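What follows is a set of notes on a single structure, which appears directly below.
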Amino acid sequence: MDIAILGFKGCLGSGLIGADDLLTLSCRMLAKQGQPKPFGVLTVSFDGRPIEDGKGRTLAIDRGFEGAKTPAAIIVPGYVCDGTNALDVMYGCPRTRKKFFNGLIT
């Protein structure tokens, strides 16, 4: 089972990296020696390229969303809103929209 954290232009860097860090730590704490990991954690973007967070920092991404195997859950971090930009993440990628409406936890 994988948990994907979706990075996108303008997202909160702490929401992306913080979720990745906390889930990775949780996975390590829950893992039992000699057993498979209870879950995998990966950061994804729509095209697999690094993203620019809301502060303008470039953040590395593990892979593209389209190339990742279907995750059990997708975490979508918040974004930096200046009152003029609208969040259009869920409609930016057909697979995201399809999985969102088919009941994946987000």
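Rule-based calculations on the coordinates, nothing more; no lab input. The shown structure was predicted, so the numbers you read here are calculated from the model rather than taken from an experiment.
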Taking placed amide H atoms and a strict 5 Å upper bound, the residues 5 or more places from Y79 or on another chain that come that close are L12
Using θ = phi - 60° and Karplus 6.51 cos²θ - 1.76 cosθ + 1.60, couplings along the range 9-23 (whole Hz; Gly, Pro as x): 4, x, 5, 6, x, 5, x, 6, 5, x, 4, 4, 4, 5, 5
Relative to the present Cα-Cα distance, how much length would full extension add between R49 and A31 at 0.36 nm per residue of separation? 3.5 nm
